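Undergrad: One structure follows; several queries about it will come next.
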Amino acid sequence: MVFSGTLDIARHLDLASSMPSLKTEALEIPNVEMVAAFFEIDDGDMEGLLPPALHPTIPPTVQFFGMKVTEGPLGAFSFAQVRVGCRAGVRPRGYTTLCFCDSAEASTALSERWGFPVQPGEVIVQRNYDRVQLVAEADGRRVLSVELMDPLPINGGDVQYTASVNLAKASHDGDEKPWLVQVDPDYAVRRADRARPTLHLFDAEAWAAEGVIPVYPITGSYTVSDMTLPALRYLMDPAKNAFAGTVSL
Amino acid sequence: MKFGVFYEISVPRPWGPETEHDVYHNCLEQVRLADELGFDQVWAVEHHFLEEYSHSSAPELFLTACAMQTKNIRVGHGIVVCVPEFNHPVRVAERAAVLDILSHGRLEMGTGRSATWTELGGFGANPDETKQTWDEFVRVLPKMWTQERFGYEGRSFSMPTRAILPKPYQKPHPPMWVAVTSPGTEIDAAERGLGALGLQFAGFAAQEQKVKDYRQRIQSCDPVGEFVNEQVATVNFLYCHEDKKTGIERGQGMTGAFNYLAAQLLPVREVHPSRSYPSLGLLPQVRSAVASPGGDDGAPEGLCIGDPDRIIEQIKQWESAGVDRINFLLNAMERIPQEQVLESLRLFAREVMPKFAEKTPVAVSGD
């Protein structure tokens, strides 16, 4: 009896994006600075953090991502994302609870073309000599602050990011409803560092992640890469187990 | 070709007061039958914290029970996690020696280092260090077993000179193996003169090349023990039924359950980028094996499920890929009722094993 998600997606529908089309073309963004920080979370309600299509890992995790983009087709922007680590069937994924972005143009693209639930906010991704910082603010209030202390260089090939799963309203074959949209960007990593993360602040409510309580740091990484946001390949019905509810586009 | 049975000891929820007891005793009953039927080895893994997937956290105790209830079957202690936060090397040497004595010299010693954050994180072990600590363990264990007294100054542990007791019953010491999941570990095994305890479930072509590389490299190895254990074992699933379709359907129920359980685990690679873990470990291999395109009968290549004829065909291909032994998982989440597991073992022994009666003796100890 493997765990299954029990989240009522109505909780996240207000913040879910609306996608006018699922025919998204791939988009390459050069020189993306990316911060990722993973923490184990309290397992008290780990099923309740995920819709029924997904199931938690053991131990359950929260994943903080930050991105700084200085050039490319969407212009300069900074972006932060919170995900709950999970499985879709047997595949490793991260379920997005919410994102913040400081650019209207990028927010619209990420939301409408890849289904990211994006709200306006300020995001700082800063690599100093001795630390990497990821800070996010919304409505003038800090909602996330995480640091990677004393990062050490590692091989870029050792870094692996799993695909995001975003709840979005979209129409597929005339079926207009909330879907889980799988987004699996490709990264050509040119530089990578790794460090133990320290979490200074996480406002779970502001990230639509009530019940996510980080309890134990795992690892953080910082990379510089060329990122390709992909054409969409798969959708999942949030209410069905991924084995039964996955649709190929 | 030799055959063994392999235990993760998977315990399905809901967990009542009898669940773990029943699963353990089902496994023991299977081992007793396997011994009577002529299976050559029983292996039990060491895992911790892996809910439902594996409740085999004290395999040396399970294997002691196996040894006490059987006559001939060899007991495979493996893999033992060679990470000091899990096991001090002295305790590994001592426990193994006792098991070898109690089993009258039937111990096979498997070594490894764990591939999940679920386990390594639980013990506060540094994933970057596990390859080094494994290497250190496999070099000191034979010395602990063969030297009257042993002292050591090393990377992961040091100790003044002491007599590590008792000594194994097999002389100079039991055969040693290493679990092979990450790419290149078969070469690590060969360089040290260790048996390759493969944890791949399918894919003949990839395995054939690994076996070739292993056989070639071991010819010039510098063995960590007193002798070279040149053997290649692989793990597979077994469900054998007179009716092919029934055998495949029930077998796939078991492999699917195993696959889904494995997916819950958190591989090191997913959360901790490290040169030490270039692959996700067991999970993607299981997934690809179980999900790989099947033949006309719908069963994935290499999996030993179906009727005797299909299983014979699969084993012949493993044999031609250079594998010496296959160790079988017999169940997952108790998906197959115990009577059917036992019947599958009997049918396999009756119809399949005779086709692979020993042609060339495989070395099983150092003498």
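Undergrad: For a quick check of understanding: with a 1.4 angstrom probe and all protein chains in place, what accessible area in square angstrom does A:Trp114 have, to the nearest ten?
TA: 0 Å²
Undergrad: Accessible area of A:Thr70, 1.4 Å probe, to the nearest 10 Å²?
TA: Result for A:Thr70: roughly 90 Å² accessible.
Undergrad: Which Cα, out of B:Pro168, A:Phe202, A:Phe38, lies furthest along the positive dipole direction of the protein assembly as shown (beta carbon charges, K/R +1, D/E -1)?
TA: B:Pro168
Undergrad: On to the next question. Once you compute Rg and the Kirkwood Rh from C-alpha atoms, what is the Rg to Rh ratio for chain B?
TA: Details: Rg = 19.3 Å, Rh = 20.5 Å.
On the Cα set of chain B, Rg over Rh gives 0.94.
Undergrad: Another one. I'd like the distance separating the alpha-carbon centroids of segment A:7-68 and segment B:201-241, in whole Å.
TA: About 41 Å separates the Cα centre of segment A:7-68 from the one of segment B:201-241.
Undergrad: Just give the residues from segment A:38-61 buried by at least 30 square angstrom of accessible area in the all-chains context relative to the isolated chain, probe 1.4 Å, and say none if nothing qualifies.
TA: Buried-area filter returns A:Phe38, A:His55, A:Ile58, A:Pro59.
Undergrad: Summing -39500 (n - 2.57) over the DSSP H runs of n ≥ 4 in chain B and dividing by its residue number, what mean residue ellipticity at 222 nm do you reach, to the nearest 500 deg cm²/dmol?
TA: Details: 12 runs with 147 residues, N = 367.
Theoretical 222 nm ellipticity from helices: -12500 deg cm²/dmol.
Undergrad: Right, here's the next one. For the charge dipole of chain B, defined by +1 on Lys and Arg C-beta atoms and -1 on Asp and Glu C-beta atoms about the Cα centroid, which residue among B:Ser158, B:Ile73, B:His241 has the Cα displaced farthest towards the positive pole?
TA: So the residue furthest toward the plus end is B:Ser158.
Undergrad: Determine the principal axes of the Cα atoms in segment A:1-129, then give the extent along each, sorted from largest to smallest and rounded to whole angstroms.
TA: Result for segment A:1-129: principal-axis Cα extents of 47, 42, 25 Å.
Undergrad: Go ahead and set up a Gaussian network model of chain B, Cα springs under 10 Å, then flag whichever of B:Gly302, B:Gly16, B:Gly193 fluctuates most.
TA: B:Gly16
Undergrad: Please calculate how many Å² of accessible area the protein assembly as shown carries per residue, with a 1.4 Å probe and no DNA, RNA or ligand atoms counted.
TA: Details: 23280 Å² over 616 residues.
It amounts to 38 Å² per residue over the protein assembly as shown.
Undergrad: Short version: which residues of segment B:101-142 lose at least 40 Å² of accessible area, all chains versus chain alone, 1.4 Å probe?
TA: Buried by the other chains: B:Trp117.
Undergrad: Follow-up. Once the Cβ-Cβ distance between A:Asp150 and B:Thr146 is put in as r, and R0 is 45 Å, what FRET efficiency do you end up with, to the nearest 0.05? Walk me through the numbers on the way to the answer.
TA: Working: r = 43 Å, r/R0 = 0.96.
E between A:Asp150 and B:Thr146, to the nearest 0.05, is 0.55.
Undergrad: Figure the gain on full extension for A:Lys23 and A:Ala239 (residue separation times 0.36 nm, minus the Cα-Cα span) and round it to one decimal in nm.
TA: Working: separation 216, 0.36 × 216 = 77.76 nm, distance 2.30 nm.
Stretched fully, the A:Lys23-A:Ala239 segment lengthens by 75.5 nm.
Undergrad: What are the ³J(HN,Hα) values, in whole Hz, obtained from phi via the Karplus relation 6.51 cos²θ - 1.76 cosθ + 1.60 with θ = phi - 60°, for each residue of segment A:159-174 in sequence order, with x given for Gly and Pro?
TA: Residue by residue, segment A:159-174 yields 8, 9, 9, 8, 5, 8, 10, 10, 7, 8, 8, 7, 10, 10, 6, x Hz.
Undergrad: What is the calculated FRET efficiency for A:Tyr129 to A:Val247, with r their C-beta to C-beta distance and R₀ = 41 Å, to the nearest 0.05? Write down the numbers at each step before the final one.
TA: Working: r = 47 Å, r/R0 = 1.15.
That pair, A:Tyr129 with A:Val247, gives E of 0.30.
Undergrad: State the percentage of accessible surface on segment B:1-104 attributable to carbon and sulfur atoms; use a 1.4 Å probe and exclude ligands, DNA and RNA. Could the numbers behind the result be given before it?
TA: On the way: 2010 of 3670 Å².
Carbon plus sulfur share of accessible area: 55 percent.
Undergrad: Next question, about the same structure. To the nearest 100 Å², how much accessible surface do chains B and A hide from each other in total, with a 1.4 Å probe? Don't jump to the answer; show the numbers that get you there.
TA: Values: alone 14880 and 11070 Å², together 23280 Å².
For B against A, buried area totals roughly 2700 Å².
Undergrad: For segment A:71-149, build the charge dipole from Cβ charges (+1 Lys, Arg; -1 Asp, Glu) around the Cα centre, then report which of A:Val90, A:Val118, A:Phe77 sits farthest towards its positive end.
TA: Among A:Val90, A:Val118, A:Phe77, the one farthest towards the positive end of the dipole of segment A:71-149 is A:Val90.
Undergrad: For B:Phe3, what accessible surface area do you get with a 1.4 Å probe? Give it in Å², rounded to 10.
TA: B:Phe3 has an accessible surface of roughly 10 Å² with all protein chains in place.
Undergrad: A follow-up question, please. Name the residues of segment B:245-275, by number, that are at least 20 Å² less accessible with every protein chain in place than in the isolated chain; the surface is that of heavy atoms, probe 1.4 Å, without ligands or nucleic acids.
TA: Flagged in segment B:245-275: B:Tyr260, B:Ala263, B:Gln264, B:Leu266, B:Arg269, B:Glu270, B:Val271, B:His272, B:Pro273, B:Arg275.
Undergrad: Continuing with the same structure: Work out from phi, with θ = phi - 60° and the Karplus expression 6.51 cos²θ - 1.76 cosθ + 1.60, the ³J(HN,Hα) of each residue of segment B:344-357, listed in order in whole Hz, and give x for Gly and Pro.
TA: Going residue by residue, I get 4, 4, 5, 5, 4, 5, 6, 9, 9, 4, x, 5, 10, 4 Hz, with x marking Gly and Pro.
Undergrad: Per the 1.4 Å probe, what fraction of the accessible area of segment A:49-195, in percent, lies on carbon and sulfur atoms? Please list the in-between numbers first.
TA: Values: 2260 of 5100 Å².
C and S fraction of accessible area: 44 percent.
Undergrad: What residues qualify as long-range amide H neighbours of B:Asp40, i.e. H under 5 Å apart, gap of 5 or more or another chain, H built at 1.01 Å from N?
TA: B:Phe3, B:Gly4
Undergrad: If you don't mind, another one. Please give the FRET efficiency for B:Ser320 paired with A:Asp203, using the beta carbon to beta carbon distance and R0 = 51 Å, rounded to the nearest 0.05. Intermediate results must be reported in sequence, preceding the final value.
TA: Working: r = 61 Å, r/R0 = 1.19.
Efficiency, rounded to the nearest 0.05: 0.25.
Undergrad: Moving to a separate point now. Looking at chain B only, what percent of DSSP beta bridges run antiparallel? Nearest 5 please. Working shown, then result.
TA: Numbers: 6 of 40 bridges.
For chain B, the DSSP antiparallel bridge percentage is about 15.
Undergrad: Whole-Hz ³J(HN,Hα) for each residue in segment B:69-81, computed from phi via Karplus 6.51 cos²θ - 1.76 cosθ + 1.60 with θ = phi - 60°, x for glycine and proline: what do you get?
TA: Listing the rounded values in order: 9, 10, 10, 10, 4, 7, 9, x, 8, x, 9, 7, 6 Hz.
Undergrad: Compute the distance from the alpha-carbon center of segment B:256-272 to that of segment B:45-87, in whole Å.
TA: With segment B:256-272 and segment B:45-87 each reduced to a Cα centre, they are spaced 20 Å.
The values are calculated or read from the model by the stated rules, or taken from the named source; none is laboratory data. No experiment lies behind these values; they were computed from the predicted model shown. Please note: Cβ atoms are built from the backbone with ideal geometry, for glycine as well, and neighbour counts cover all protein chains shown. To get the accessible areas, we keep the full protein, side chains included, count just its heavy atoms, and leave off ligands, DNA and RNA. Shrake-Rupley method; radii C 1.70, N 1.55, O 1.52, S 1.80 Å.
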